[in-house]
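Some notes on the structure that comes next.
The values are calculated or read from the model by the stated rules, or taken from the named source; none is laboratory data. Quantities reported herein were computed from a predicted structural model and do not represent experimental measurements. No Cβ is skipped: glycine too gets one built from the backbone with ideal geometry, and neighbour counts run over all protein chains shown.
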Amino acid sequence: MTTGLDRFTVKVNDARITCDCSGAAYWHAEKLLVVADLHLEKSSCFARHGQLLPPYDSERTLKRLKTVVEKYQPQTIIALGDSFHDNQASLQLSEKNRQLLEDIITHHEMIWIAGNHDDEKTEFTGQWTHEIRIGSLLFRHEPLAGTQKGEIAGHLHPALRISRRGMSVRRFCFASDGNRMILPAFGAYAGGLDLSHKAFYNIFDKSALIACLLGKNTIYPIQKRSFFSQ
């Protein structure tokens with residue numbers, strides 16, 4: 001395993017995957033960038049239901065995506081589902097944000113994994129599928145229980161709280177046990193589910209679990225500790 005200031009590389013089913021501090025993962029051997037749970041237009045969805053959020057989530061998310069795409073220059077981008085917060089979200093994008101997204105996907109092979117929020121196709125170009133296997137890895141939205149070697153998924157929005165010297169901090173994170181990986185949510189307004197939650201009980205080999213916590217410009221890998229409440 002190697003580490004740098006803004007990234008940390010782990011092996012997932014023999015594939016070397018770089019966890020970037022942005023929340024995106026990069027598979028250098030395949031020139032493949034992976035992001036999960038963009039939840040574009042979450043704010044407009046909430047507004048339609050009477051709950052007002054600052055309407056800046058899509059712009060922040062897409063600008064960060066553009067930055068990480070420019071950083072790694074991938075050939076292919078996989079979005080692991082829930083890219084749009086609901087089936088009206090793509091229609092709610094402002095012209096500016098629509099152009100941001102178009103600029104990203106026009107110059108790359110785009111693979112959209114259908115999630116539970118966005119299970120219908122949008123007008124944006126790219127391949128839509130429920131899962132796709134590339135080499136030793138299988139990309140899907142929701143992780144399946146039990147041993148799933150090579151699975152790369154999103155959906156659960158992993159996060160971890162750590163405490164030191166009486167202080168506590170909570171960060172979104174990548175989670176992997178070497179067999180599979182779950183990515184953090186990339187969306188600006190997406191929440192997080194702590195790794196101690198029962199949803200993770202049948203997902204990982206706890207003894208091999210690594211969490212890569214996202215800092216502002218740094219990623220913090222944490223190993224050899226218990227993430228799960230007894």
Item checked: Selected residue (criterion: surrounded by the fewest Cβ atoms within 10 Å (Cβ to Cβ)) from residues of the stretch 112-145 that are under 23 Å from GLN88 (Cα atoms) and among the aliphatic types (A, V, I, L, M) -> ALA114
Item checked: Residue that is surrounded by the fewest Cβ atoms within 10 Å (Cβ to Cβ) [pool: residues in the stretch 11-36 that are more than 17 Å from THR67 (Cα to Cα) and touching a Phe, Trp or Tyr at 6+ places or on another chain (Cβ under 8 Å)] -> ARG16
Margin query: If a residue counts only when it is at pLDDT below 95 and either over 28 Å from ARG16 (Cα atoms) or among the polar types (S, T, N, Q) (or both), which strands (runs of 3 or more DSSP E) contained entirely in the stretch 92-187 have at least 3 such residues?
Written below: 167-176
Next item on the list: Under 6 Å between Cβ atoms, at least 6 apart or on separate chains: pull out the pairs that start in the stretch 144-173 with a residue that is acidic (Asp, Glu) and end on any residue that is not in a loop (DSSP other than H, G, I, E, B).
Entry: GLU151/LEU138
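ILE152 - would you say it is farther than 12 Å from SER83 by Cβ, surrounded by 22 or more Cβ atoms within 10 Å (Cβ to Cβ) and of a type in the set (A, V, I, L, M, F, W, C)?
Numbers: farther than 12 Å from SER83 by Cβ: yes; surrounded by 22 or more Cβ atoms within 10 Å (Cβ to Cβ): yes; of a type in the set (A, V, I, L, M, F, W, C): yes.
When the stated conditions are applied, ILE152 passes them.
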Next item on the list: Starting from residues that are assigned to a loop (DSSP other than H, G, I, E, B) and modelled with pLDDT under 90, keep the ones in the stretch 203-228 and report whichever is surrounded by the fewest Cβ atoms within 10 Å (Cβ to Cβ).
Entry: LYS216
Next item on the list: Output the residues belonging to the stretch 88-107 that are surrounded by fewer than 17 Cβ atoms within 10 Å (Cβ to Cβ) and of a type outside the set (A, V, I, L, M).
Entry: GLN88, SER94, GLU95, LYS96, GLN99, GLU102, ASP103, THR106, HIS107
Next item on the list: Determine whether ALA190 is surrounded by 17 or more Cβ atoms within 10 Å (Cβ to Cβ), assigned to a loop (DSSP other than H, G, I, E, B) and of a type in the set (A, V, I, L, M, F, W, C).
Entry: yes
